[in-house]
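The values are calculated or read from the model by the stated rules, or taken from the named source; none is laboratory data. Bear in mind the structure is a predicted one, so any value in this text is a computation, not a measurement. Glycine also receives a Cβ, built like all others from the backbone with ideal geometry; neighbour counts cover every protein chain displayed. Accessible surface is based on the protein model in full, side chains and every heavy atom, while ligands, DNA and RNA are left aside. Shrake-Rupley method; radii C 1.70, N 1.55, O 1.52, S 1.80 Å.
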Amino acid sequence: MALLLTLLKVAIAIAIAMASGWLFRAALVAITRGETRKMLRTAPVSAGFGMLVVFVYVFVAVFAHVIAPFSEREIVGAQFLPWDSTHLLGTDNLGRDMFSRLIYAARNTVGIAFATTALAFIAGSFLGLLAATVGGWLDQVLSRVVDVLMAIPALVFALLLLTIFGTSVVKMVIVIATIDATRVFRLARSVAMNIVVMDYIEAAKLRGEGLFRLIIREILPNAMAPLVAEFGLRFCFVFLMISALSFLGLGIQPPTADWGSMVRDNASLITFGNITPLLPAGAIALLTVAVNFVVDWSLHRASGLKE
Amino acid sequence: MTETMKNGGVLSRRGLLKGATALGAAGLILPASMRKAMAEPKKGGTLRIAITGGSTTDSLDPATWSELFVQVFAACRVNYLTEIAADGSLVGELAESWEASADAATWRFKIRSGVTFHSGKSLTPDDVVASINHHRGEDSKSAAKPIVEQIKDIAIDGDTVVFTLVAGNADFPFIMSDYHLAILPSADGKIDPATEDGTGGYIVDSWEAGVNAKVKRNPNYWKADRAHFDAVELYSILDSTARQNALLTGQVDVIDKVDINTVGLLSQAPGIKILATTGTQHFVFPMDYRAAPFSDNNVRLALKYAIDREEMVQKILGGYGAVGNDHPIGPGDQFFAADLEQHAYDADKAKFYLKEAGMDSLNIQLSAADAAFAGAVDAAVLYSEKAAAAGINIEVVREPNDAYWDNVWMKKPFCASYWGGRPTPDWMFTTAYAAGAPWNESYWDNPRFNELLLAARSELDFAKRKDMYHEMQMICQKEGSTVTPMFASYVMAHTDKVATPDQVATNWGLDGFRCVERWWFA
Amino acid sequence: MTAIWTMIAKRIGLGLLTLFVISIIIFGATELLPGDLAKSILGQSATPETVAAFRRELGLDLPAHIRYFNWLAGAVQGDFGTSLANKRAISDLIATRLSNTLFLALYAAAIAIPLSLTLGILAALYRNSVFDRAANALALTSISFPEFFVAYILIFFLARTGLFPSMAQVDAQTAFGDMLYKTFLPALTLTLVVTAHMMRMTRAAIINLLASPYIEMARLKGMSPGRVILKHALPNALAPIITVVALNLAYLITGVVVVEVVFVYPGLGQLMVDSVSKRDFPVVQAVALIFAAAYVLLNLTADVLSTLSNPRLVHRK
């Protein structure tokens, strides 16, 4: 019976998600014109849902100070208060309002995650494509440097950078982006290796196209799909990496809230069936699923499939 | 809730100067009156304990011991000259008795006869001398070197070892109970630091650094009424949730350092008992006395009034602890100055002292990492929130856990730190509050305090000594450079199959490391 | 084919060079990091004299380059020396832990790789269907959780009910079947952590090719969608899949310290963390080289397999 009830709840949740995705897409179609409108019409409901979630997150992040009932650092009462009308999701281990902290965490982490991933992709994919296109010694040098960077244990690497550069949000972004960029490089290079031997690349070379034009106009579009798929995942890994780094003392400083650290701080409660840590974890998961639903759609478009 | 809060043991000085002979030579360690009150221990079973602080870099060398895993492992296999009993009094272990000269500068320890090592070798005074010398001298790399530096000379007189000290120290026998000063077998005046041998209640079966240690009962153990288990298995489990799970799934019988966030939930689990002891462990925020703004006592007082101690005990310690009064002597200590005014959160007073210092507001940084103590960063955040009301803006700086004691402690002007505590006020004050002491973390220097410290050390009259310690606690509280908000209990948990004595030691966790000797299966 | 062999030989040579560079970097890092062995072992009780005595005895007072070359001379002859902290031979310290780490990595990989490839292919085949969405949403949710959190949830459901042990206590005497049983939860945790990445990449790489003319051709010939994907799309989509599989395998060997800690499993990760925090340089160096070798070998294998998967690359002009 309990199982049936749970299944029912899940079914209702999915139905609501689909309906809201459909509505959001309809709304977008209504307010856009031309090409964008045509494109949005073809979006699957899942992508509509994904866009809605991303929109809500961005909205929450921008207007956190308006939405949140309390400040992220204010101690409002005893620790671990139950959910009620004042404290919608109760309080955390220091007696701060959980709901407000979740909202502020969106502001603090979504931006950082986006900046980090974007940086990693710009650097990693450009160098990867460059290495595959030019080949020869440049490829060897870049690939071996990446080998070295990847092979330094993450702990030593993080501590080393921390020691050299100190801690701040900007430095943390650079550290994570560097680590991620090595993985993106490997992927971009291996995808591009298959493309550079294609006849149309040969043709383009013979046409006398410049290196950068070649990379951006000919190779990048054909390597886009795996890179976009990777982007969707790397984006989510950043949240987890922030939590891992803040464990070492590098990262976002207290009392600033971030989801990864909120999961870590409350994780032990799950061993007693208390779902508090599922809230920040769920916030990350929902965003990950949403972003990747949008990614799937763009993947589909990039592949040129018409079905 | 099934839990027992046990208050700080009283450090008895009775029988200290004229050793443990009164307690009987047969190794009956606890006073007779206490023994009757206890349930009769039973023999047998394999005790499995999950302990934190184990590392793959752990070593058998007593000079390097510093974390709980090796400390409990040591309690299995070795003995010391003296032992701090569960009630906080000092009793003889490998020393049968001891006596001091009138100036407390010469100490004679009579070594127990008939004790053998696991290898079969008999314990001799030579072993004692070699074991203590391991920590002394130019080349010593022992963590215990500072406490044995006061020994000028060690000599053997028949079955007695004679320590000559640089200056009188009435607490010297307490020093000999320090967990580093294990008595190991010697050859040619030296111990082998890598030996697994010892005189303790259990013999080492296997040991894998950072993983586990397995020991079995020593059939020839000289203490007839101790070491009740057939075997003991120690598991190194670093994650507090993993320790809890191991206990809940029945894979271990005892765990140390229960996660404060979930201790309430754990105590409701069937068959689980929480055991908490409040002793000398305390958490502190030392301020650098040498530099502005902390060189001004008004600023120090403002900071002492700007911290909410009650809230910290509730939120950081989960209620398992007691508020501190800005000096390091715990409420269970017989020298505790109970009549001192208790410092409490008072934003107006803090503002007043800030004004006295000529300031309207104060901006400072507080460095913390959970390496200092569990919850240190959270404690700093709480401090910062409460101090804001008094115009003190504390910016919390989370420092890396890695190398915290190298990089931050005693380097940053205001940081978090902890003390496991010391069994005597002299030991504690000498370690962390005496001018020029290597671990005087606040660089505090108070002439009157320093003078009293020296005078009290060799003072054998109890009442006079008590007065001196009272004044020292007051100086610490009013002028000291350390904010001491709380004394933290050791919080452990065990299944209801494990029986503990009515009184559990408070000097360290796990019954002063001695749970392997003192506990049994019901 | 000889081109491939030359490439492998060249890469192995370069791999050794990479290892050498890494050993210098790791050594430099342990030098640069604040704190040293003496201080970290003595902790709060370090005094200048005891630290100095410690350093003298361990030879830490020698200049850095001399210590590095002493270490290198030993390492080249296969002697990695002894741990500075407890004087045990590093080969002893590492042997059982390395086999534990490899066992867990292979165990997790044996579940995760077939699972994610199958799911990825099915998701590409039934793209945009309910199955595709559900499989993706589940996999994505499981990687959105930090791995220790996944572990706690599994322990809550599978260990607290008594099905599996929460502590993966193994030693040299543990029988193979028992090993599989005791390490099931850590292996499952790791599977959940790595599956999504490989599955999504498989799906993306295949879908990326489905609009290509040769796939269209195959489809027009009346081939079933499943055969089209397995025979035509998959072989050409292998390069990115192999790269991502290699990345995840490397992660399973080098990055699982959190899972080791939660399940109390004695692997290399914990050894690495302990030695870094105690600045036990020879042990750090030895473990780091094992990790680095894993990366170099896996990247090399991935590159070779990617090349082999594309005839145009094998017969490059």
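A few remarks follow.
- Considering the range C:298-312, the residues that are facing chain A (nearest Cβ under 8 Å) and among the hydroxyl-bearing types (Ser, Thr, Tyr) include one that is farthest from the chain's Cα centre (by Cα), namely C:THR307.
- Complete set of residues in the range B:187-196 that are touching a residue at least 40 places away in the same chain (Cβ under 8 Å) and surrounded by fewer than 20 Cβ atoms within 10 Å (Cβ to Cβ): B:GLY189, B:LYS190, B:PRO193, B:ALA194, B:THR195, B:GLU196
- The set of residues from the range C:152-204 being among the hydroxyl-bearing types (Ser, Thr, Tyr), under 20 Å from C:THR96 (Cβ atoms) and crowded, with 20+ Cβ neighbours inside 10 Å comprises just one member, C:THR183.
- Qualifying residue in the range A:235-257 (condition: free of Cβ contacts under 8 Å to residues at least 40 places away in the same chain, within 22 Å of A:PHE185 (Cα to Cα) and β-branched (Val, Ile, Thr)): no
- Residue among C:VAL228, C:VAL273, C:VAL261 that alone is β-branched (Val, Ile, Thr), away from chain A (no Cβ under 11 Å), in a helix (DSSP H, G or I) and open to solvent by 20 Å² or more (accessible area, probe 1.4 Å): C:VAL261
- Within the range A:25-52, residues that are touching a residue at least 24 places away in the same chain (Cβ under 8 Å) reach partners that are surrounded by 12 or more Cβ atoms within 10 Å (Cβ to Cβ) and not in a helix (DSSP H, G or I) with beta carbons closer than 8 Å, at six or more positions or on different chains, in the pairs A:ARG25/A:ALA43; A:PRO44/C:ASN128; A:SER46/C:ASN128; A:MET51/A:ALA43.
- The range C:73-105 - residue that is in a helix (DSSP H, G or I), open to solvent by less than 70 Å² (accessible area, probe 1.4 Å) and at pLDDT below 85 and, of those, farthest from the other protein chains (Cβ to nearest Cβ): C:GLY74
- Residues of the range B:348-359 that are assigned to a helix (DSSP H, G or I), open to solvent by 20 Å² or more (accessible area, probe 1.4 Å) and within 16 Å of B:ARG300 (Cβ to Cβ): B:LYS349, B:LYS351, B:PHE352, B:TYR353, B:LYS355, B:GLU356.
- Subset of the range B:217-235 (residues that are within 14 Å of chain C (Cβ to nearest Cβ) and open to solvent by 10 Å² or more (accessible area, probe 1.4 Å)): B:GLU233, B:TYR235
- Residue tally, condition facing another protein chain (nearest Cβ under 7 Å) and open to solvent by 20 Å² or more (accessible area, probe 1.4 Å), over the range C:276-294: 2
- In the set (1) in the same structural domain as B:VAL232 (by TED's automatic domain parsing); (2) modelled with pLDDT under 95, B:GLY318 fails one condition alone, (1).
- Within the range B:39-48, the residues that satisfy the criterion of being outside any loop (DSSP other than H, G, I, E, B) and away from chain C (no Cβ under 13 Å) are B:THR46, B:LEU47.
- Answer residue from the range C:126-151, given it is in contact with an Asp or Glu (Cβ under 9 Å, 6 or more places away or on another chain) and closer than 16 Å to A:TRP297 by Cα and is surrounded by the most Cβ atoms within 10 Å (Cβ to Cβ) among those: C:ASN136
- Tally, over the range C:62-72, of residues that are of a type in the set (Phe, Trp, Tyr) and open to solvent by 40 Å² or more (accessible area, probe 1.4 Å): 1
- When each of A:LEU129, A:LEU138 is tested for being out of contact with any Gly (no Cβ under 7 Å at 6 or more places or on another chain), assigned to a helix (DSSP H, G or I) and open to solvent by 20 Å² or more (accessible area, probe 1.4 Å), the lone residue that passes is A:LEU138.
- Among the residues of the range B:93-111, not one is farther than 19 Å from B:ASP126 by Cβ and surrounded by 24 or more Cβ atoms within 10 Å (Cβ to Cβ).
Condition check ((1) touching a helix residue (DSSP H, G or I) at 6+ places or on another chain (Cβ under 7 Å); (2) away from chain A (no Cβ under 14 Å)) across all residues:
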site: B:ILE255; (1), (2): yes, no
site: B:ILE260; (1), (2): no, no
site: B:LEU265; (1), (2): yes, no
site: B:GLY271; (1), (2): no, yes
site: B:GLN281; (1), (2): no, yes
site: B:GLU311; (1), (2): yes, no
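- Looking only at the range B:206-216, and only at residues there that are at pLDDT 95 or above and open to solvent by 20 Å² or more (accessible area, probe 1.4 Å), the one that is nearest to the chain's Cα centre (by Cα): B:LYS214
- Test: residue in the range A:94-105 that is under 22 Å from B:GLY375 (Cβ atoms), open to solvent by less than 10 Å² (accessible area, probe 1.4 Å) and part of a loop (DSSP other than H, G, I, E, B): yes
- Top-ranked residue of the range C:231-246 - restricted to ones that are buried (at least 24 other Cβ atoms within 10 Å of the Cβ) and without any contact (Cβ under 8 Å) to a residue 40 or more places away in the chain, ranked as nearest to the other protein chains (Cβ to nearest Cβ): C:PRO240
- Single residue of A:SER20, A:SER85, A:SER46, A:SER71 found to be more than 18 Å from A:VAL291 (Cβ to Cβ) and either surrounded by 14 or more Cβ atoms within 10 Å (Cβ to Cβ) or within 14 Å of another protein chain (Cβ to nearest Cβ) (or both): A:SER71
- Checked against (1) under 21 Å from C:LEU305 (Cα atoms); (2) at pLDDT 90 or above; (3) of a type outside the set (D, E, K, R), C:ALA239 passes all but condition (2).
- Taken as a whole, the condition of being touching a helix residue (DSSP H, G or I) at 6+ places or on another chain (Cβ under 7 Å), hydroxyl-bearing (Ser, Thr, Tyr) and more than 29 Å from B:LYS141 (Cβ to Cβ) does not apply to C:TYR68.
- Filter pass, A:ALA118 being without any contact (Cβ under 8 Å) to a residue 24 or more places away in the chain and aliphatic (A, V, I, L, M): yes
- Taking the range A:267-278 as the range and being assigned to a helix (DSSP H, G or I) and more than 7 Å from every other protein chain (Cβ to nearest Cβ) as the test, only A:LEU278 passes.
- One residue alone among A:THR167, A:THR163 is more than 12 Å from chain C (Cβ to nearest Cβ), modelled with pLDDT under 80 and open to solvent by 50 Å² or more (accessible area, probe 1.4 Å), and that residue is A:THR167.
- Residue that is open to solvent by less than 10 Å² (accessible area, probe 1.4 Å), in a helix (DSSP H, G or I) and not hydrophobic (A, V, I, L, M, F, W, C), where the choices are A:GLY251, A:GLY260: A:GLY260
Residues are listed down the side, and each one gets a yes or a no for (1) under 30 Å from C:SER224 (Cβ atoms); (2) assigned by TED's automatic domain parsing to the domain that holds C:VAL228:
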| site | (1), (2) |
| --- | --- |
| C:LEU84 | no, no |
| C:ASN100 | no, yes |
| C:ALA112 | yes, yes |
| C:VAL130 | yes, yes |
